[in-house]
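First the structure, in the form of C-alpha cells, and then the observations on it.
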Amino acid sequence: MRKNIVAGNWKMNKNLQEGIALAKELNETLAADKPNCDVVICTPFIHLASVTPIVDKAVIGVGAENCADKVSGAYTGEVSAEMVASTGAEYVILGHSERRAYYHETVEILEEKVKLALANNLKPIFCIGEVLEEREANKQNEVVATQLASVFSLSAEDFSKIILAYEPVWAIGTGKTATAEQAQEIHAFIRSLIADKYGKEVAENTSILYGGSCKPSNAKELFANPDVDGGLIGGAALKVVDFKGIIDAFK
Ligand code: PEP
C-alpha cells in the first residue's frame, strides 16, 4: 500500500546553524511523539551533510530541493544527484514550480534530473501543478497531464519509486489553499493517468501529496481525501509547532 508522507520544503531559508537547530528540534519532538506517517525534510544543499547525521533515519528522511541534470564535470555551481546521495540524503524535490518558473527548467531537463536521481537511489518528489490562469481557464487537467507525461518514459519499476506532489501554483505561499474537493478531484485524475499508463497496481501504490498553503488548520480535511496521501509543506515546515501540527493530521 502507498505511504502517507508529510515532506517539508525549506526553500532558501535558514542559515546552517538555524537549519541544524530546526532539524534537532523536529527530531526531539518526533522522538517524544512518534508520527503516524513518513516525515521528510528537504533542505538547502549546504545543510544536508550536517542534518542527516542528527536525525533518526527511521523517523525523518532527509532530501535536497534540487539536483543537477548532468552527471559531473564542468558545471560550475551545480550539485549532482550523486553528491546529494553521498550526504546520506534519500530524497530530492524535482520540478518545483519555482524552479520551473525562475530557472526555466523544462520537461527535458526534469526528465534527466529524475533519471539521475533514480540512478543514485534518491527518491524524487516530483512536483506538478497549474498556474492561476490555467485553473481559471479550466485547463488544470491538461497541464498536469503534460507535466506528468515527462516522467512517463520511465519503466514501471522506476516510476514506482517516485512520489508525486500536486501543487497548484496559485496556492503556493499565497495563503490560498485548494479546497478539499478540488484536491481530491485532481489527485484522482492524476491517479487515473498513472493507471492508464502503468496499470492499477502502480497507481494505487503511488503517493500523491498536496502542496500549497497547507497548515495545521486545513491539513486534516485535505489528507482525509482518499487520493491525498499527505503534503509537501513550504512555509509551515519552518516552525516545528506548525509542521508537527500538519504531521498530526494523520493521528
Ligand atoms: C511549496 O513550496 O512546496 C509549498 C507548498 O509552499 P507553501 O506551503 O508555503 O505554500
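Some notes on this structure:
- Of everything listed in (1) in contact (Cβ under 8 Å) with a residue 60 or more places away in the chain; (2) within 18 Å of Leu209 (Cβ to Cβ), the single unmet condition for Glu130 is (1).
- With respect to (1) under 24 Å from Met1 (Cα atoms); (2) surrounded by fewer than 23 Cβ atoms within 10 Å (Cβ to Cβ), the lone exception for Thr146 is condition (1).
- Strands (runs of 3 or more DSSP E) wholly inside the range 141-251 containing at least 3 residues that are away from the ligand (no atom under 15 Å from the Cβ) and in contact with a His (Cβ under 7 Å, 6 or more places away or on another chain): none
- Wholly within the range 15-96, helices (runs of 4 or more DSSP H) carrying at least 2 residues that are in contact with a His (Cβ under 8 Å, 6 or more places away or on another chain) and surrounded by fewer than 21 Cβ atoms within 10 Å (Cβ to Cβ): 16-32
- Pairs are defined by a Cβ separation below 7 Å, a sequence spacing of at least 6 or placement on different chains, a first member in the range 135-146 that is among the hydrophobic types (A, V, I, L, M, F, W, C), and a second member that is assigned to a helix (DSSP H, G or I); the pairs so defined are Val143/Glu134; Val144/Ile186; Val144/Ile190; Ala145/Leu193.
- Residue check, Lys11 in a loop (DSSP other than H, G, I, E, B), of a type outside the set (Gly, Ala, Ser) and at positive phi: yes
- Among the residues making up the range 1-21, those that are of a type in the set (A, V, I, L, M, F, W, C), within 16 Å of the ligand (Cβ to nearest atom) and in contact with a Ser or Thr (Cβ under 9 Å, 6 or more places away or on another chain) are Ile5, Trp10.
Any read-out appearing in this document is the output of simple, stated calculations on the displayed coordinates, not a laboratory observation. What you see is a predicted model, and the numbers here were worked out from it, not measured in a lab. So basically every Cβ, Gly included, is an ideal-geometry build from the backbone, and we count neighbours across all protein chains shown.
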